[in-house]
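The values are calculated or read from the model by the stated rules, or taken from the named source; none is laboratory data. Just so we're clear, the structure is a prediction, and the values are computed from it rather than from any experiment. Here Cβ is always computed from backbone atoms with ideal geometry, including for glycine, and neighbour counts include all displayed protein chains.
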Amino acid sequence: MRTEREMFDLILGFAKNDKRVRAVYMNGSRTNPNVPKDIFQDYDIVYVVEETASFLEDENWIDIFGELIIKQEPDKLDKVLGRDVDFSMSFTYLMQFTDGNRIDLHIETKKAMLKEYGTDKLTIKLLDKDKCLPSIPLSTDEDYWVKKPSKEKFFCVCNEFWWVAPYSAKGLWRKELLFAIEMMNGYSRKELMTMLSWYVGINTNFSLSIGKLGKYLDKYLPTDMWEKLLKTHDTKDYETTWNALIVMCELFDEVAIFVSKSLGFEYNNDEANKSFAFIKHIKQLPKNSKKIY
């Protein structure tokens, strides 16, 4: 596997030697000092170019970066699906190489760059032949920190969770396992993860990120809370999925109470208790029942 130094020499070497490339900058995890380095980190690179047409007419130029396992060109996919794209302004190549390295390479004109550069605070300048890159603050992951909720946002998350959670119970009673799991993962879990992020935010003064999809949550949750969260993912059959749903509701309720008290918000205990009781009622409801109550 090529080293980080070798990859940067390759990326910047091409840019320095190709007159069409006028500047290079980087986004992503490699610009974030709070993210541990590992072998799977991508190189999120942007080439600022004079024009895109010559790059697109002969795409063999990307071969210099290595032998591919697979590549994706999301702009072409968007065009196939009928979405509005403008190749003359920018284009992206996502490239996974046989040595394990990956480059997400975006080419964009100076005009496009001026609209985008620095909007992501995780940005580092690597090369600027014409001094065209505007001055921006030092790279920070501040944009990704957990945000303190308003009381209205807190209410909406709680109400949505207790509204959608019974859908999974109904699906389990009907023996619709995939529907029940999808309702949990696609709807209820979203609200649970938001609530857990606020728990972490409160305990860290809303000064950090829990990572994409909450991948760093285990670093900030108490062991028992983390173990409960893991149990909500055990959905291999009807029994375990019922247990996962019950644990999910218990965990959400526990964390919502903490968040409400910590931030001085009102938590609708009556709504939560009634919805949870409804779920438990469905769980014990005989399959041949003609009435819910």
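What the table below lists for this structure:
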| read-out | value |
| --- | --- |
| Qualifying positions in the range 235-293 - surrounded by 17 or more Cβ atoms within 10 Å (Cβ to Cβ) and either part of a loop (DSSP other than H, G, I, E, B) or at pLDDT below 95 (or both) | THR235, PHE265, TYR267 |
| Count of residues meeting criterion [within 17 Å of ARG102 (Cα to Cα) and basic (Lys, Arg)] in the range 5-26 | 1 |
| Condition met for ILE202 (under 21 Å from GLU152 (Cα atoms), in contact with a Ser or Thr (Cβ under 7 Å, 6 or more places away or on another chain) and of a type in the set (A, V, I, L, M)) | yes |
| Candidate set from the range 35-62 (those that are exposed (fewer than 12 other Cβ atoms within 10 Å of the Cβ) and under 26 Å from GLU4 (Cβ atoms)); member that is farthest from the chain's Cα centre (by Cα) | ASN60 |
| Set SER54, SER88: member being assigned to a loop (DSSP other than H, G, I, E, B), of a type outside the set (A, V, I, L, M, F, W, C) and in contact (Cβ under 8 Å) with a residue 24 or more places away in the chain | SER88 |
| Any pair with Cβ under 8 angstrom, 6 or more apart, that starts in the range 94-114 at a residue that is closer than 12 Å to VAL46 by Cβ and ends at one that is part of a helix (DSSP H, G or I) and not charged (D, E, K, R) | ILE103/MET7; ILE103/ILE11; ILE103/PHE65; LEU105/ILE62; LEU105/PHE65; ILE107/PHE55 |
| Identity of the residue in the range 114-168, β-branched (Val, Ile, Thr) and within 18 Å of ILE210 (Cα to Cα), that ends up surrounded by the fewest Cβ atoms within 10 Å (Cβ to Cβ) | THR140 |
| Subset of the range 198-226 that is under 13 Å from the mean Cα position of the chain (by Cα) and of a type in the set (Ser, Thr, Tyr) - its residue that is surrounded by the most Cβ atoms within 10 Å (Cβ to Cβ) | SER209 |
